[in-house]
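Everything below concerns the one structure shown next.
The values are calculated or read from the model by the stated rules, or taken from the named source; none is laboratory data. As the structure is a prediction and not an experimental result, all values here were calculated from the model. Heads up, the Cβs are rebuilt from the backbone with ideal geometry, glycines too, and the neighbour counts pull from every protein chain shown.
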C-alpha cells in the first residue's frame, strides 16, 4: 500500500514538473526546514488531492524519515521522492 501511495505522489510531481525543493518549502509551514506528519498530510491533500489513511500516512512518514528522528529534512525528502525510483517502480504496476 505504501508503494502505491508513494507512486501516486511521485507521478503527480513528475507529470506536473514540480521542483522538489519548492514543493518541500511549500509544505514546510512552520519554516523549520523539516516536515512533520501534519505538514505532509496537508501538502498531499492540498497539492495533489490525495487522501491517505492514517496507516498510510504513518508508513509514508517512516519511509521518508531515513534517520528515524521523527522529522523529514530536505535530503531525506528528495532521496525518497525521486523520478528514478518512479520510473523503476512504475513498470511493476
For the range 7-25: of the residues being within 15 Å of residue 51 (Cβ to Cβ) and touching a residue at least 40 places away in the same chain (Cβ under 8 Å), which is farthest from the chain's Cα centre (by Cα)? 8
Of the residues that sit in the range 67-93 and are surrounded by 14 or more Cβ atoms within 10 Å (Cβ to Cβ) and over 18 Å from residue 28 (Cα atoms), which one is modelled with the highest pLDDT? 82
Hits in the range 21-46 - residues which are surrounded by fewer than 15 Cβ atoms within 10 Å (Cβ to Cβ) and in a helix (DSSP H, G or I): 21, 22, 25, 26, 38, 42, 45, 46
What number of residues in the range 60-84 are in contact (Cβ under 8 Å) with a residue 40 or more places away in the chain and either over 11 Å from the mean Cα position of the chain (by Cα) or not in a helix (DSSP H, G or I) (or both)? 4
